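See structure below.
The values are calculated or read from the model by the stated rules, or taken from the named source; none is laboratory data. It should be emphasised that the depicted structure is a prediction, and the values quoted were computed from it without experimental measurement. Positions of Cβ are backbone-derived with ideal geometry, glycine not excepted, and every protein chain shown enters the neighbour counts.
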Amino acid sequence: MKKAALRKEFLQKRKGADERWLIEKNALIAQNLEKYLHLNAFQTLHTFLPQLNAREVDTFGIMDMLRKSFPAMRIAAPYIIPGTREMEHFLMTPFTHLVMNQWRIPEPDPTTSEKILPEETDIVLVPLLAFDRKGYRVGYGGGYYDRFLPQTRPDCIKMGLSLFEKVDEIEDIDAFDIALDACITPEHIYDFGI
């Protein structure tokens, strides 16, 4: 399938999911991520923050797990520079003040948060709607992460989080698409060759 068709299908799947199912799937994703992180020594993890009412993976719950299980790990989140397709990155603490952007995505307030550079990041949790067996993903179409990921170090792990399992193939991959190194779902930890 092509990206546009997959985007439409998986947005619809998320929209149709009931609350109990979402809570259960989010808990399983957090458990699988915790298992993965225990096998690796990451100092700085970058995560997206979920769009309000869009039924994305609950990264606020994941941050709670990280603070309990990996108290020394630094957590960062993006801030979209208004009027651009570029992001800056700021540390997230329990006291970070969040502001809402035009897409109803909470972001760290750049006026009161500590900025970090992309190359300080060891692992990035990447938002997606669908992903395939080769690690390519369908995002929301803005290209923000396609611009951000090349700014990270070559050894930075690019990890998707998905409520749904992989599709066989995304047919219209292009030169700007960056494959994930891994993806976590409620059922699996996929490794794409890292």
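Yes or no: Ala4 surrounded by 12 or more Cβ atoms within 10 Å (Cβ to Cβ), without any contact (Cβ under 8 Å) to a residue 60 or more places away in the chain and within 18 Å of Phe131 (Cβ to Cβ)? No.
Yes/no per residue for (1) crowded, with 20+ Cβ neighbours inside 10 Å; (2) closer than 15 Å to Thr47 by Cα; (3) at pLDDT below 95:
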residue: Val126; (1), (2), (3): yes, yes, no
residue: Asp132; (1), (2), (3): yes, no, no
residue: Gly135; (1), (2), (3): yes, no, no
residue: Val138; (1), (2), (3): yes, no, no
residue: Gly142; (1), (2), (3): no, no, yes
residue: Phe148; (1), (2), (3): yes, yes, no
residue: Asp155; (1), (2), (3): no, no, no
residue: Met159; (1), (2), (3): yes, yes, no
residue: Leu163; (1), (2), (3): yes, no, no
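Among the residues making up the stretch 67-106, those that are part of a strand (DSSP E or B), touching a Pro at 6+ places or on another chain (Cβ under 9 Å) and surrounded by 13 or more Cβ atoms within 10 Å (Cβ to Cβ) are Ala76, Ala77, Pro78, Tyr79, Met87, Glu88, His89, Phe90, Leu91, Leu98, Val99, Pro106. Being touching a residue at least 24 places away in the same chain (Cβ under 8 Å), assigned to a strand (DSSP E or B) and closer than 30 Å to Met1 by Cβ is a condition met by at least one residue of the stretch 137-149. Filtering the stretch 5-28 for residues that are charged (D, E, K, R), closer than 19 Å to Leu98 by Cβ and part of a helix (DSSP H, G or I) leaves an empty set. Quick one: is Ile184 within 25 Å of Tyr79 (Cβ to Cβ) and surrounded by 16 or more Cβ atoms within 10 Å (Cβ to Cβ)? Yes; evaluated as a whole, the condition is true for this residue. Please work out which one of (1) more than 19 Å from Leu149 (Cβ to Cβ); (2) surrounded by fewer than 17 Cβ atoms within 10 Å (Cβ to Cβ) is the condition Asn40 fails and give its number. Asn40 satisfies every listed condition except (1).
Applying the set (1) among the polar types (S, T, N, Q); (2) over 20 Å from Arg147 (Cα atoms); (3) touching a residue at least 40 places away in the same chain (Cβ under 8 Å) to Thr93 leaves exactly one unmet item: (3). The sole residue among Glu34, Glu19 that is without any contact (Cβ under 8 Å) to a residue 40 or more places away in the chain and surrounded by 15 or more Cβ atoms within 10 Å (Cβ to Cβ) is Glu34. The condition of being farther than 17 Å from Ile123 by Cβ and of a type in the set (Ser, Thr, Tyr) holds for only one of Thr96, Thr44, that being Thr96. Within the stretch 38-66, the residues that satisfy the criterion of being polar (S, T, N, Q) and either in a loop (DSSP other than H, G, I, E, B) or closer than 20 Å to Thr185 by Cβ (or both) are Asn40, Gln43, Thr47, Gln51, Asn53, Thr59.
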